[in-house]
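Structure, as structure tokens:
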Amino acid sequence: MNQVITNITLTGLDWSFIIGFFIIAIGIGIYTSRSAGKSEEDFFLGGRSMPWWLLGFSMVATTFSTDTPNFVTDIIRKDGVASNWMWWSFLLTGMLTVFVYAGLWRRSGVTTDVEFYEMRYSGKAAAFLRGFRGIYLGVVFNILIMAMVSLAAIKIGGIMLGLSPWEVLGYSAAVTVIFSALGGFKGVLLTDFLLFIIAMVGSVGAAYYALDHESVGGMTGLLEHFQSTPELASKLDIFPKTDSTIFMSVFIIPLAVQWWAAYFPGAEPGGGGYLVQRMLAAKDEKNAVSATLFFNFAHYALRPWPWIIVALCSMIVFPDLASIQAAFPGAEKIGEDSAYSAMLAKTLPVGWMGLVLTSLIAAYMSTISTHLNWGSSYVVNDIYLRFLKPKASQKELVWVGRISTVLLMIVTSFVALFLESASTAFNYIIMMGAGTGALLILRWFWWRVNAYCEIVAMISSFTLAILLNWTGLFTPIKNLAGEVTQKAIYSGADLALSLTEAIGFTVAWGDLKILIGVAITTVAWLLVAFFGPTTDKNVLRSFLEKVNPGGAGWKVVVDAAEAEGKPIQPTHEADSIPKGILCMVLGCIGVYSLLFAIGYWLYGKTTLMSIFFVTSAVATVILFKVWGSKKTKAN
């Protein structure tokens, strides 16, 4: 039985790490506040002069938030290591963004990714789309993401420090808002560099001491425990078995559909959000591409395994929710994801407790400060400056940004109190963006995509998310999928039943919801593309002259301009799309192979480890040779 842990006593050494970090972070905020206050571009893009390594570290630090290890722990405790494919699959869109879209975004010269709408589309529809998406993404969607992160902070603070949800949010919000409002984007970048190092040291330390727990017995003991327990043996699998209940939902659907069809912050098809903010802040296209490439290697290959190790250890130390609740009777919102912080409280010694807590605080501040600055950029650039006060001074815009930063944090705190788990919010977000991904990819390369396509796709995906999750409209379809040993198959149709059994996997209702959302939303916006109003030809030509993405999808526009005697004269040569896709494939092979190699090394499977390490090295070398031959030239 687990010992009841009523509260954790931090020593002077522990507090020195936490207080020292706060002093450094606020010091950076004060140091950068002067330059951040010069103009809107300085406050939100750091003057567009940032190097790739600083931007790359910032991308990685931002996506390492307090909810990330909680989320990983949640899904592993439920479905094993293979369940990580639900987010590992986003590497495909990440690499596509690196080699096809990062340079295009930097070339566009916009301040935010929603400003892109009035650069690419025309008329009142484009203006509406820019304003609405500024509110929808910068405020509504952004607050939901920050609430997920804050929920994780609530669970960590409750278990490790015995703090109430309001206390956790009060302390964390105050510190983060002060830093974010002072330092602006440059302050975020500089602090992120420090945050990433602290966070990685903390996560590796947490994994080391989790393995050192007497009930675990090191990596050897962990493997022996799982392999000797039938119901746990499959939890170690990196790839789900075809007859498992999760094969379809976390492997096939994400790799076949989800990565290109769904919108998720940090993994938007074609790039978007705070990652685009960093691409736009790069000093040139090469730095934008390099930063995004570094991010994908570090995010998917280097960071997951310390979290995975802690999650696996937690299944031995805290086999169920009752054991967590018994050990921490005063903690609120206990769930499977609470096991991560429970392991920290149970295993960390003096000094390491303070360092790991500092790393979690750093992760929280990094993510929240980025989202506050990013969301505020929409409020300022795409709402206030565009629609409310077009002649506002630069100093006024900076102050509006600082005020909106504070307001976003206040609303986030209220929303966080109503969430229960990070994985639940993750699934809702995936559903809200299902079907919009292909549009985000094609809008750069197909002239028929217009503002109304985006409006219809947005309304369709959001409406379907509500109908599929919170109404009974699709109940007949759901009922058609009967539960059989926790598998959902089309029990009402003999043909479908025989097909699913022949293939060796089944389709659950959760998978069907995503497929329904993708199918209906995609059909809806495609109909608008073919039969709806087209974008003004002058806007299309201006877009091609400035960005010139290339591809056969622009042939109609190019030919029409030449027929009129006004040929388009782009300022850049179009990049090779086939070469970009080849680099994407090589990048995915390199990163996935490195991810698997590290995993099999930990599992003690040296042959598989060697094969994947060699594969990763070869793919990476070829990638850099192919990429090095790809150049963008000005006409």
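The values are calculated or read from the model by the stated rules, or taken from the named source; none is laboratory data. Computed from a predicted structure; not experimentally measured. FYI the Cβ positions are ideal-geometry reconstructions off the backbone, even for glycines, and counts take in every protein chain you see.
Condition test on Thr68, is it of a type in the set (Ser, Thr, Tyr), within 15 Å of Ser366 (Cα to Cα) and either touching a helix residue (DSSP H, G or I) at 6+ places or on another chain (Cβ under 8 Å) or modelled with pLDDT of 85 or more (or both)? Don't jump to the end; show me each part of the working.
Details: of a type in the set (Ser, Thr, Tyr): yes; within 15 Å of Ser366 (Cα to Cα): yes; either touching a helix residue (DSSP H, G or I) at 6+ places or on another chain (Cβ under 8 Å) or modelled with pLDDT of 85 or more (or both): yes.
Here the answer is yes, as Thr68 does meet what is asked.
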Given the options Glu231, Glu224, name the one that is at pLDDT 90 or above, more than 30 Å from Gly56 (Cα to Cα) and in a helix (DSSP H, G or I). Glu224
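Condition check ((1) surrounded by fewer than 23 Cβ atoms within 10 Å (Cβ to Cβ); (2) out of contact with any Phe, Trp or Tyr (no Cβ under 7 Å at 6 or more places or on another chain)) across all residues:
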site: Pro165; (1), (2): yes, yes
site: Leu182; (1), (2): yes, yes
site: Phe185; (1), (2): no, no
site: Ala206; (1), (2): no, yes
site: Leu223; (1), (2): yes, no
Please go through the range 586-613 and pick out each residue that is without any contact (Cβ under 8 Å) to a residue 40 or more places away in the chain and either hydrophobic (A, V, I, L, M, F, W, C) or in a loop (DSSP other than H, G, I, E, B) (or both). Ile589, Ala597, Trp601, Lys605, Leu608, Met609, Ile611, Phe612, Phe613
Any residue in the range 272-286 that is in the same structural domain as Ala438 (by TED's automatic domain parsing) sitting within a Cβ distance under 6 Å of a residue that is assigned to a loop (DSSP other than H, G, I, E, B) and at pLDDT below 90? List the pairs, counting only those 6 or more apart or interchain. none
Considering each residue of the range 38-65, count those that are more than 16 Å from the chain's Cα centre (by Cα) and not hydrophobic (A, V, I, L, M, F, W, C), and give that number. 10
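A quick yes/no check of all residues on (1) of a type in the set (Val, Ile, Thr); (2) touching a helix residue (DSSP H, G or I) at 6+ places or on another chain (Cβ under 7 Å):
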| site | (1), (2) |
| --- | --- |
| Ala147 | no, yes |
| Ile154 | yes, yes |
| Gly157 | no, yes |
| Ala174 | no, no |
| Ile178 | yes, yes |
| Phe185 | no, yes |
| Thr191 | yes, yes |
| Phe196 | no, yes |
| Ala207 | no, yes |
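Take the conditions among the aliphatic types (A, V, I, L, M), within 19 Å of Trp15 (Cα to Cα) and over 23 Å from the mean Cα position of the chain (by Cα) and apply them to Leu195. Does it pass?
Considered against the rule, which asks whether it is among the aliphatic types (A, V, I, L, M), within 19 Å of Trp15 (Cα to Cα) and over 23 Å from the mean Cα position of the chain (by Cα), Leu195 comes out as no.
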Which number in (1) closer than 22 Å to Leu91 by Cα; (2) in contact with a Phe, Trp or Tyr (Cβ under 9 Å, 6 or more places away or on another chain) marks the one condition that Ile253 misses? (2)
Conditions first: (1) surrounded by fewer than 24 Cβ atoms within 10 Å (Cβ to Cβ); (2) within 22 Å of Ala173 (Cβ to Cβ). Ser341 passes all but one, so which condition is the exception? (1)
Which residue pairs have Cβ atoms closer than 7 Å, lie 6 or more positions apart in sequence or on different chains, and pair a first residue in the range 455-466 that is part of a helix (DSSP H, G or I) with a second residue that is buried (at least 23 other Cβ atoms within 10 Å of the Cβ) and of a type in the set (Val, Ile, Thr)? Ala457/Thr436; Ala457/Thr521; Met458/Thr436; Ser460/Thr521; Ser461/Thr436; Ser461/Thr521; Leu464/Thr521
Meets criteria (in a helix (DSSP H, G or I), of a type in the set (A, V, I, L, M, F, W, C) and over 19 Å from the mean Cα position of the chain (by Cα)) for Val216: no
Go over the candidates Thr242, Thr229 one by one and state the one that is touching a residue at least 12 places away in the same chain (Cβ under 8 Å), over 25 Å from Ala617 (Cα atoms) and surrounded by fewer than 17 Cβ atoms within 10 Å (Cβ to Cβ). Thr242
The residue that is modelled with the lowest pLDDT, considering only those in the range 130-140 that are among the hydrophobic types (A, V, I, L, M, F, W, C) and surrounded by fewer than 23 Cβ atoms within 10 Å (Cβ to Cβ), is Val140
Val100, sole failed condition from (1) among the β-branched types (Val, Ile, Thr); (2) at pLDDT 90 or above; (3) touching a His at 6+ places or on another chain (Cβ under 9 Å): (3)
Return the only residue of Ile334, Ile324 being in a loop (DSSP other than H, G, I, E, B) and either crowded, with 24+ Cβ neighbours inside 10 Å or among the β-branched types (Val, Ile, Thr) (or both). Ile334
Which residues, taken from the range 456-466, are modelled with pLDDT under 80 and under 15 Å from Leu512 (Cβ atoms)? Ala465
